[in-house]
Amino acid sequence: MPPTITNKPMTKEQAEANRIQHAQTVLNQRFGSLVGRTIKDVRPMTRAEMQGLDIESGHADLPFLLILDDGTAVLPSRDAEGNGVGWLELLHPE
């Protein structure tokens, strides 16, 4: 006898587990190369760097880079499309 296929809705716990698993996969693909790297510098972007990336800076914006030990520069961005500079919040353990 073939297995019975049911259309049982996913539980909230299953949906959350799926969401976390998908997010981890995407993060590993996109940012996995950062694991083990060391931040060597935090500095403001130069005008030339901003122009090269077509970044416009307003009065309140502070475009900056995190420079890693392998020369990689991390640019905090407002969103995945690069629509403006971003910010980082540091969450310290208690």
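Please treat every number below as a calculation from the coordinates, not as lab data. This structure is a prediction, so every number in the text was calculated from the model and none was measured. When we count neighbours, we look across all protein chains shown, and the Cβ atoms used for this are built from the backbone with ideal geometry, even at glycine.
Fully extending the segment from Leu91 to Ala15, taken as 0.36 nm per residue of separation minus the present Cα-Cα distance, adds 24.7 nm. Between Arg19, Arg43, Arg78, the Gaussian network model of the chain with springs among Cα atoms under 10 angstrom shows the greatest mean-square fluctuation at Arg19. Relative to the current alpha-carbon distance between Arg43 and Thr72, full extension at 0.36 nm per residue lengthens the span by 9.1 nm. If you run the Gaussian network model on the chain, springs between alpha carbon atoms under 10 Å, then out of Gln14, Gln29, Gln51 the most flexible one is Gln14. Placing pseudo-labels 7 Å out from each Cα toward the beta carbon at Ile5 and Asp79 gives an inter-label distance of 3.7 nm. To the nearest ten degrees, helix 12-31 and the longest principal axis of the Cα atoms of the chain are 40 degrees apart. For the chain, chymotrypsin sites (Phe, Trp or Tyr not before Pro) are listed when DSSP marks them as loop and at most 11 other Cβ atoms sit within 10 Å of their Cβ; the list is Trp87.
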